[in-house]
Structure formats: C-alpha cells, structure tokens
Amino acid sequence: MNKINTKKIISDYSGRITAKRASFDRLVAHVMGTPTELSDLNFLCENYLASIYVEFECLVSDLFHGYINNSNKTYLSNIESKIKNSISNKYSPWHATHTNFSGPKHIASAQLSNLLDPTSWNVTFKDVAAMQVRAKEWLAPTHEKAFSALSASDVALVDAAHAIRNCIAHNSASSRKVMNNKVRALVTGPTCTNSGLEIGTNNINSIGKYLRVATPGGMRIGVYSDRLKAIGASL
C-alpha cells in the first residue's frame, strides 16, 4: 500500500516559507529609501502574512490527511462511536450494540479526501484548541502528541496570525475586534517567545504598520514568519 510521506509535507512547507521569505526580503530591499517606502512596506507585510498563514493552514490540512492515511485506527474508532451514538439516539441503545462497523486497515488518499470533506474543502479549524480536539479524535497518539505539545505561546501565535489573516481578508468590524483581542493576548508569560508582537491598550488601525514595527527579533512580520515556520515543522 502507498502511504503519504508526511515528512515531505513538512519539508515542502518549510521550503515554501523560506522561498517566500527570500522574495519578501528582496522586495523590502527594493522599496527601502523610496518616497513610498512606508506604504509599500505596509502592503508587502500584509500580503506576506496572509500568504504564509494560508501555507500553515494548508500544512495542517495535509498533515491530518497524511497522518490518517498512515494510521487510521483512531479515526475509524471515532467514526464508529459517532455512528453508534446516532443510532442510539434515533432508535435505541439496543440497536446500537447490534450494529457492526468495520473499516479498512488502509484508506487510499483519494478516498480519504472525500471522507474528510465530501465538498473538497481543506480540513480547517476556528482556532488551535479546536485543532487539538480534532487531533485527539482522529490521529494516532504518535501523531497527535505534536499538536497537544504546542506551548501556550505557540497557540497564541497561531491564533493571532489566523485572526490577522481573517482581518486582512474581510476587514469587518468583528474580524478587527477578534484580531485586536488575539494580538493583545500574544504574550503568555515573562519568557514568552512572542515578546514584542503584542499591543497595549490602543487597537491596531493599520495591519501593515503593526507588522513592520521593529522588535529585537527583527520586523514583527519576520518574527511571525519564523515562528509559523518553526511551529509547522514541529507538527
């Protein structure tokens, strides 16, 4: 049986982030010192953040797909439980106990895609907490542990990047409120790796301006890029 190479999924993700970062740095160097430097930087930062978060989101979807393709016992057990609960609720516990569910030892990649989402969307989550719950439900312990092991600062970083990306995409009052709350909560302790990314009492009015601010680790957008790359590689 052919199994998806999940190590290659992660390696390819890291490679794409590296390539996009190099392109971003070249464009930054090109606009520095020009009359439109600040507005150009704002535009570049916003587009780069949106791009790399989408890469992270696709990575997670591909990894769920790959990990279940490699080991589907936990996934099938969860599906069996849901089926029996549904039968029990609609008919009776007796009917549920007399219903047998038998899944295959291996689910082919193409078939798995249809099972995870028949409408052909990626496997996505509203936040990291939801991602971690689904990982426990669907993934074998050896694969799930990387998701549950994410630190508080990792979780806060991903959720903030997600909220920023949504605000860039939608620019609604609600998305802006969520973004400011998530960014304001970025620092989770005195040694938090997100130091310098958080904001105070003032809300973010310009996302690009927020992302281009310099921190001890470089421009904020660079810190987001490095952290998303490292977090993705840890999964």
Test: residue in the range 139-150 that is closer than 20 Å to residue 50 by Cβ and either open to solvent by 80 Å² or more (accessible area, probe 1.4 Å) or touching a residue at least 12 places away in the same chain (Cβ under 8 Å) (or both): no
Wholly enclosed helices (runs of 4 or more DSSP H) of the range 1-94 bearing at least 1 residues among the basic types (Lys, Arg) and either modelled with pLDDT under 95 or under 17 Å from the mean Cα position of the chain (by Cα) (or both): 6-31, 73-90
From the options 119, 99, residue that is free of Cβ contacts under 8 Å to residues at least 60 places away in the same chain and in contact with a Lys or Arg (Cβ under 9 Å, 6 or more places away or on another chain): 99
Enumerated helices (runs of 4 or more DSSP H) restricted to the range 101-154, each holding at least 3 residues that are under 14 Å from residue 79 (Cα atoms) and under 17 Å from the mean Cα position of the chain (by Cα): 128-138
Selection count, the range 199-229, where residues are modelled with pLDDT of 95 or more, more than 16 Å from residue 24 (Cβ to Cβ) and open to solvent by 60 Å² or more (accessible area, probe 1.4 Å): 2
Pair list, Cβ < 8 Å and 6+ apart or interchain, from the range 23-35 residues that are surrounded by 16 or more Cβ atoms within 10 Å (Cβ to Cβ) to residues that are among the small types (Gly, Ala, Ser): 24/225
Cross-chain or 6+ apart pairs with Cβ under 6 Å, the range 60-87 first and farther than 30 Å from residue 14 by Cα and open to solvent by 30 Å² or more (accessible area, probe 1.4 Å), then aliphatic (A, V, I, L, M) and assigned to a helix (DSSP H, G or I): 84/96; 87/96
All positions within the range 187-235 that are closer than 18 Å to residue 158 by Cα and of a type in the set (Val, Ile, Thr): 187, 188, 191, 193, 199, 204, 207, 221, 223, 231
Flag if residue 41 is touching a residue at least 40 places away in the same chain (Cβ under 8 Å), open to solvent by less than 20 Å² (accessible area, probe 1.4 Å) and closer than 28 Å to residue 130 by Cα: no
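The values are calculated or read from the model by the stated rules, or taken from the named source; none is laboratory data. These numbers come from a predicted model, not from an experiment. Here the Cβ is made from the backbone with ideal geometry for all residues, glycine too, and neighbour counts use every protein chain on show. With ligands, DNA and RNA removed, areas are computed over all heavy atoms of the protein, side chains included. Shrake-Rupley method; radii C 1.70, N 1.55, O 1.52, S 1.80 Å.
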